[in-house]
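Read the structure below first, then the notes.
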Amino acid sequence: MSEATKIRLRERKSQPRKSWFRPAKTEKGKWLRFYCCLAAVAVVLFIAFFGKYFAPYDPLATDYAAKLSAPGGSHLFGTDNVGRDVLSRILYGAGNSFILTFIMIAIVSVLGTVIGIVSGFFGGLLDTVIMRLTDILLAFPDTVFAIAIVGMMGPGLLNTVIALSFVWWTKYARMARGLASVIRTKDYITEARFGGVGTAGILFRYVLPNIVPQVVIMATLDVGGMMLALAGLSFLGLASQPPTPEWGYMLYEGKSYLQTAPWIMLFAGLAIFITVIVFNLLGDSLRDILDPKEK
């Protein structure tokens, strides 16, 4: 081996290894990471919304002769305490979990963004009242506060939606308020006013387009957190009710059989874990692309 080859090998070894979790530095690397994460999310969503058509069994059909069967054979993921196929329940439950999560994200992001824009753009007493309300709500842990609300209103999906909407809108409102209060002082806003553009036109043509990218990033990152919150409430028996297949409630059903039949909780927990990781990675890659601070 020549001396030049040895030098090149030493230089290559001395260079730091590239990591998938390390933020991409080049524009090409950022877009490559984004497309890979987008492909992974597309696979997860395809399984969530079309996986039920590939389910081998009816998720509600019971078979007491095969209850608590270990994974393998005709039941790839095993069966639960009443003989229902775990794989079929996971495939059907994916759609329920994602639909609930996306509905909640849509509600809190739109509600919080509208309230934040109104607060930050108009200011005054309205801004003070809204910000003090958000401070009060942010002083409590999100999930704990939601559990308290659902506990007072009673278990059920509607009460869960109301409770989480009451808690989660605050972060979007604070973010939108901060951006709107900065944008309203810009020179192009003043020029637009002198040009005869009304308040509604300024909000929709100048303020909202500058806030939407940040809302999209935050909403993507919140998919995992919202799914965990819903799963936590279902685990406590406050959200989804039997016999509806849903990942969080599957954890609740399997907790009594953790030692004798751990696969009931294992596969449902693994599905939640993979979903949260995939959407968090997509949110990070979106932030690298859309956030001007990352450019």
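The values are calculated or read from the model by the stated rules, or taken from the named source; none is laboratory data. Fair warning: this is a prediction, and the values are worked out from it, not measured in the lab. Cβ: placed from backbone, ideal geometry, glycine included. Neighbour counts: every protein chain shown. The accessibility values were calculated without ligands, DNA or RNA, using every heavy atom of the protein model including side chains. Shrake-Rupley method; radii C 1.70, N 1.55, O 1.52, S 1.80 Å.
Using 0.36 nm per residue and subtracting the Cα-Cα separation, the extra length available between Leu125 and Phe49 on full extension is 22.8 nm.
Simple spin-label estimate for Ala40 and Val216 gives 2.0 nm between the two label positions (7 Å along the Cα-to-Cβ direction from each Cα). Considering only Ala180, Ala106, Ala139, give the residue with the highest GNM mean-square fluctuation for the chain, with springs between Cα atoms whenever their separation is below 10 Å. Largest GNM mean-square fluctuation: Ala139. Mean-square fluctuations from a GNM of the chain, with a 10 angstrom spring cutoff on Cα atoms, peak among Lys255, Lys28, Lys52 at Lys28.
In the chain, what percent of the accessible surface is made up of carbon and sulfur (1.4 Å probe, ligands and nucleic acids excluded)?
Its accessible area is 67 percent carbon and sulfur atoms.
Its Cα centre serving as origin, the chain has a Cβ charge dipole (Lys and Arg +1, Asp and Glu -1) of approximately 1320 debye. Within the shell of other residues whose beta carbon sits under 12 angstrom from the beta carbon of Tyr92, the net charge comes to 0, with Lys and Arg scored +1 and Asp and Glu -1. Based on Cα contacts under 8 Å between residues 6+ apart, the chain shows a relative contact order of 23 percent. Using a 10 angstrom cutoff on alpha carbons, build the Gaussian network for the chain and name the most mobile of Gln259, Gln214, Gln241. Maximum among the listed residues: Gln259.
Each label point was placed 7 Å from the Cα along the Cα-to-Cβ direction; for Leu290 and Thr26 their separation is 2.6 nm.
How high is the FRET efficiency from Ala65 to Ser256, r the C-beta distance, R0 22 Å, rounded to 0.05?
After rounding, the FRET efficiency stands at 0.60.
Using the average count of surrounding beta-carbon atoms within 10 Å as a protection proxy, the listed peptides 195-206, 111-122 rank, highest first, as 111-122, 195-206. Membrane-span-like helices in the chain (whole DSSP H runs, Cα extent of at least 27 Å along the helix axis, mean Kyte-Doolittle hydropathy of at least -1.0): 27-50, 86-122, 157-183, 208-235, 263-290.
Counting only protein heavy atoms and a 1.4 Å probe, the range 113-222 has 51 square angstrom of accessible area per residue. For the chain, lysine pairs separated by 8 or more sequence positions, or belonging to different chains, with Cα-Cα distances below 13 Å total 4. Seen from Leu233, the other residues with C-beta closer than 15 Å to its C-beta sum to a net charge of -2, counting Lys and Arg as +1 and Asp and Glu as -1. Comparing Tyr64, Leu164, Gly124 along the charge dipole axis of the range 37-170, the residue lying farthest to the positive side is Tyr64, per the Cβ-charge model. Relative to the Cα centre, the charge distribution of the range 150-198, modelled as +1 at Lys and Arg Cβ and -1 at Asp and Glu Cβ, gives a dipole magnitude of about 100 debye. Each Lys or Arg adds one and each Asp or Glu subtracts one; over the other residues with Cβ under 11 Å from the Cβ of Leu221, this totals 0.
The slack in the chain from Val82 to Ala192, taken as 0.36 nm per residue of separation less the alpha-carbon distance, amounts to 33.0 nm.
Only helices enter this figure: runs of n ≥ 4 DSSP H residues, each worth -39500 (n - 2.57), summed and divided by the residues of the chain, yield -23500 deg cm²/dmol at 222 nm to the nearest 500. Rounded if a/c is under 1.5, else prolate if a/b is larger than b/c, else oblate: which is the range 130-260, with a ≥ b ≥ c the root eigenvalues of its Cα gyration tensor? Prolate, since a/c reaches 1.5 and a/b exceeds b/c.
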